[in-house]
1. Run residue 376 past the list (1) crowded, with 20+ Cβ neighbours inside 10 Å; (2) farther than 22 Å from residue 317 by Cα and report the number of the one that doesn't hold.
2. Got at least one residue in segment 387-397 being under 24 Å from the mean Cα position of the chain (by Cα), at pLDDT below 55 and within 16 Å of ligand 2 (Cβ to nearest atom)?
3. Could you pull out the residue among 67, 90 that is touching a residue at least 12 places away in the same chain (Cβ under 8 Å), open to solvent by 40 Å² or more (accessible area, probe 1.4 Å) and either closer than 30 Å to residue 134 by Cα or small (Gly, Ala, Ser) (or both)?
4. When only residues in segment 317-331 that are within 29 Å of the chain's Cα centre (by Cα) and of a type in the set (Gly, Ala, Ser) count, which is farthest from residue 293 (Cα to Cα)?
5. Just to check your reading of the model, which residue among 127, 75, 122, 94 is within 16 Å of ligand 2 (Cβ to nearest atom) and either closer than 22 Å to residue 170 by Cβ or assigned to a loop (DSSP other than H, G, I, E, B) (or both)?
6. Checking residue 104 against (1) open to solvent by less than 10 Å² (accessible area, probe 1.4 Å); (2) within 16 Å of ligand 1 (Cβ to nearest atom); (3) under 18 Å from residue 239 (Cα atoms), which test does it fail?
7. Find all pairs meeting these conditions: Cβ atoms under 7 angstrom apart; at least six residues apart or on different chains; first residue within segment 364-387 and closer than 28 Å to residue 321 by Cα and assigned by TED's automatic domain parsing to the domain that holds residue 103; second residue outside any loop (DSSP other than H, G, I, E, B) and at pLDDT below 75.
8. Here's a check for you: in segment 217-259, which residue that is closer than 13 Å to residue 301 by Cβ and assigned to a loop (DSSP other than H, G, I, E, B) is nearest to the chain's Cα centre (by Cα)?
Amino acid sequence: MAFSLDLTADSTRNALRPGMAQEKASLIGLTRAEMAEALVNAGIVPERQAKMRVQQLWHWLYVRGVSDFAHMFNISKDLRAALAEHFSISRPEIVEEQISNDGTRKWLFRFPPRGAGRPVEIETVYIPEEGRGTLCISSQVGCTLTCSFCHTGTQKLVRNLTAEEILTQLLSARDRLGDFPDRDTPAGAIVPSEGRKVSNIVMMGMGEPLYNFEAVKKALLIASDGDGLALSKRRITLSTSGVVPEIYRTGEEIGVMLAISLHATNDDLRDLLVPINKKFPLKELMKACREYPGLSNARRITFEYVMLKEVNDSLDDAKALVKLLKGIPAKINLIPFNPWPGSNYQCSDWEQIEKFADYINAAGYASPIRTPRGRDILAACGQLKSESERLKKSERLALEAMMIAGHGEA
Ligand code: SAH
Ligand code: SF4
């Protein structure tokens, strides 16, 4: 059985929603230079000490994962008080935590209003696997793009997430998973790179990360910083529907692994499935992939391909796919379509997915089917939405029925 905790209950409210009214500037998501400037401008750290203080804070925030200045015990009491007066390092409110029967976890996070806006909610998903754990992070609330098979695409863009909000998804998930060192371990303790609960991150949650380039870049550079969260860039994957001009910049300026939501091998079909294709057609997209900085057999691009019954799942489609990717160091990821109420597609029959995969395998691409995870808690690809648009009970029941009737593998 999947289960769900309503963490807004009074008993947990205070522990889980520290600093809800976020009037203070957050130190999370700032570059080192920005953090130094903020400390000096607040008049609490002299310029000559700024570098050293930033180093201390960086360690507490990103190696130790503390969310309260009071726990930074190698910083003087007075300075801790001054920091707390001016700045926040709090996490978002956790509205709901759901745990699937396959161990997948999904959190609904609520972020405080920015400026005149309203609070916003987004979902983050953790997928534990043999020997690794992947966190699927959101970059926007909703999405401006309208891919016809994607649930998020039916939700209007509310706003971009900030670098802080992108990073606190990772920090909060690690808090909840017990993935930071114990507070009692010596101050120099570092989290071993082996055995981490969150060993990989993928920008595959809600939103199009390349339409929020600057914030995503900042967050990923902090997540991969060797003196902090220290996730290797090879363990970070950014998925895009094909925002061609920012693809090159992703390789050059962020240096993470790239995934392309391909889903079709000709422009006519891709225009329908992934409408951004009308702006950046396949020829331009493939050129950007071929020119992706750092591309090699050891650093391949992942091409995601959602399996839609009688839409893109024939053997001719498989052949066209192999032909299209020829010469690009690539991995292919076949994603069984995850249904949602109101969707106009069905998932391909399992037999057809296997036939398609066999053809791809024979062409030299290994293990291409992505097993759906966390379907019982609507955590699978394309099913994420925010609280404001969460399913009504009747819709949830309809969806459950669809999934029971739908696929043998679910
Ligand atoms: N916006 C980005 C990243 C988020 S979507 C992008 O489009 O790449 C992550 C992946 O899930 C994408 O490949 C997307 O096409 C796929 N996806 C969306 N809806 C889906 C659904 N209902 N079933 C299966 N995969 C889906
Ligand atoms: Fe947006 Fe990606 Fe969904 Fe397309 S697939 S609507 S780009 S989140």
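The values are calculated or read from the model by the stated rules, or taken from the named source; none is laboratory data. Here the structure is a predicted model, which is why all the values come from computation and not from measurement. Glycine gets a Cβ as well: all are built from the backbone with ideal geometry, and neighbour counts include every protein chain shown. Note: accessible area is taken over every heavy atom of the protein model, side chains too, but ligands, DNA and RNA are not part of it. Shrake-Rupley method; radii C 1.70, N 1.55, O 1.52, S 1.80 Å.
1. (1)
2. yes
3. On the way: 90 fails: open to solvent by 40 Å² or more (accessible area, probe 1.4 Å).
Matching residue, one of 67, 90: 67.
4. Here the residue is 318.
5. Working: 127 fails: within 16 Å of ligand 2 (Cβ to nearest atom); 75 fails: within 16 Å of ligand 2 (Cβ to nearest atom); 94 fails: within 16 Å of ligand 2 (Cβ to nearest atom).
Going through 127, 75, 122, 94 in turn, the sole match is 122.
6. Answer for residue 104: the failing condition is (3).
7. 375/403
8. 256
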